[in-house]
Amino acid sequence: MNVTTPDRVIEQQTADSNAPSENKFEQARNDASQHREAHVSVTSPLVGEVDAQRREGGEQRTAMRQSPPLPNPPPQGGREQKKGNQQKRDRRDVHGWVILDKPIGMTSTHAVAVLKRLFNAKRAGHAGTLDPLASGGLPIALGEATKTVPFVMDGRKRYRFTVQWGEERDTDDTEGRATQTSPVRPSVEAIRALLPQFTGTIEQIPPQYSAIKIQGERAYDMARDGEVVPLQPRPVEIHELTLVEQLDGDRSVFEAECGKGTYVRALARDMGRLLGCFGHICALRRTICGPFTEADMIPLADLEALCDRAASGEGSLADALLPVETALDDIPALAVTRADAARLHRGQAVLLRGRDAPISNGTVYATVGGRLLALAEIGNGELIPKRVFNLTGLTAHPGRKEGV
């Protein structure tokens, strides 16, 4: 078996031989209200995904631009059955990742529903919620890819965002109402001098409108009811924070790379307070989420066009898929024999024999004949399967991971 790590390959003799555009937030108070957004990841929801989860549950606190309607599903991949006055189509097995370039005004839950319908997929979920007012990379897992969602959610995230100075809002973005104002505007020098205070491990108080639970109740629900939410500061990791551009005296553009649980809205709020001018987010775009970058993103219009071509036999929706194992780029790969693969597939451990057997412990993903088989743990000379994959159905084309 072969163990592939970032630096080396360990072989065993028995082995069988993966420029962001700026977005303006639109005024939303006169638009139609939307239903709340619930986190639909198949794993347990992780609290504090950046600038996103305060709108899970309940109705939207303020009105948003109406999301695009669900497109018609392609006729391929399932028969139709009549049920009353409705037509029901059989869902199919689809496995892989689609990195949607989510448009402003669409909730993450709605985006998942759109893709699930486009692919006629049985299962789908997203890895890290984006606010309706944010755009950019929303990784959507289909089928067996849902088993790898935690690896994406725990990964790095990068944002490009614009701060409007002179006004603080209760939601820390343009959706809320103004709570404090100031005629003061910060200089470029003052902003740059402040940034080191927001780099590294810092203490951050989440926004009042966030998905954090307090005695079983979401903070945003308490805030909607007029309660003062007693949120405590939490340590978060800011790997990088830079001033990219000063648009005018009122607006500054930043880029931030941060870890799980960081609120970009809170960054804007806290910088404004320390600069003595107040501030809130007026544009936000996610450019990196885990192993996925802007190069992997697909606009919704392109997906719909691909769906139309696939329906007419001129293409395949597999062209939009990234392999399931793309989410496991930071994990070593271990090639196993077909005999060992059969044991792993049955949930049985495999003994690692031979002088070239891996001696390190930890998580690997096992492959057979170059195909993903299982997530497993190496320990005490054994390979123990934890999650076994069944990739029967529609999957990414060979070479899709390398951009071929």
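Things to note:
- Using alpha carbons only, the radius of gyration of the stretch 81-211 set against its Kirkwood radius gives Rg/Rh = 1.11.
- In the structure shown, the pairs 116/147; 102/213; 122/157; 116/213; 122/147; 213/260 are assessed against 19 Å; a Cα-Cα span above that value is assigned to 102/213; 122/157; 116/213.
- Judged by the mean number of other Cβ atoms found within 10 Å, the most tightly packed of the peptides 187-199, 283-295 leads the ranking 283-295, 187-199.
- Each label was represented as a point 7 Å from its Cα along the Cα-to-Cβ direction; for residue 244 and residue 351 these points are 5.6 nm apart.
- Amide H within-cut-off set for residue 321, under 5 Å, with H built and near neighbours excluded: 397
- Summing Lys and Arg as +1 and Asp and Glu as -1 over all other residues whose Cβ lies under 12 Å from the Cβ of residue 275 gives a net charge of +1.
- A Förster radius of 22 Å, combined with the Cβ-Cβ distance separating residue 253 from residue 182, puts the computed FRET efficiency at roughly 0.65.
- Overall form of the stretch 98-139 per C-alpha gyration tensor (a/c, 1.5; a/b vs b/c): prolate
- Restricting the calculation to Cα atoms, the stretch 216-371 yields a radius of gyration followed by a Dmax of 24.0, 67 Å.
- Rounded if a/c under 1.5, otherwise prolate or oblate - the stretch 131-267, Cα gyration tensor axes: oblate
- Stretched out straight at 0.36 nm per residue, the stretch from residue 293 to residue 337 would grow longer than its current Cα-Cα span by 12.5 nm.
- Inter-probe distance in nm under a simple model that places probes 7 Å from Cα toward Cβ, at residue 203 and residue 304: 4.9 nm
- Normalised by the number of residues in the stretch 216-285, the average gap of Cα pairs under 8 Å and 6 or more apart makes the relative contact order 20 percent.
- Neighbours of residue 348 by Cβ distance under 15 Å: Lys/Arg scored +1, Asp/Glu scored -1, total +2.
- Efficiency of FRET from Cβ geometry, residue 319 and residue 189, R₀ 41 Å, rounded to 0.05: 0.25
- Candidates per trypsin sites (Lys or Arg not before Pro) in the stretch 291-382, loop by DSSP, up to 14 other Cβ within 10 Å: 346, 353, 355
- Surrounding net charge for residue 306, when Lys and Arg each add one and Asp and Glu each subtract one, Cβ distance under 12 Å: -4
Since every read-out is calculated from the coordinates, none of them should be taken as a lab result. The model shown is predicted, which means the values in this text are computed figures rather than measured ones. Cβ sites come from the backbone with ideal geometry, for glycine too, and all protein chains shown count toward neighbours.
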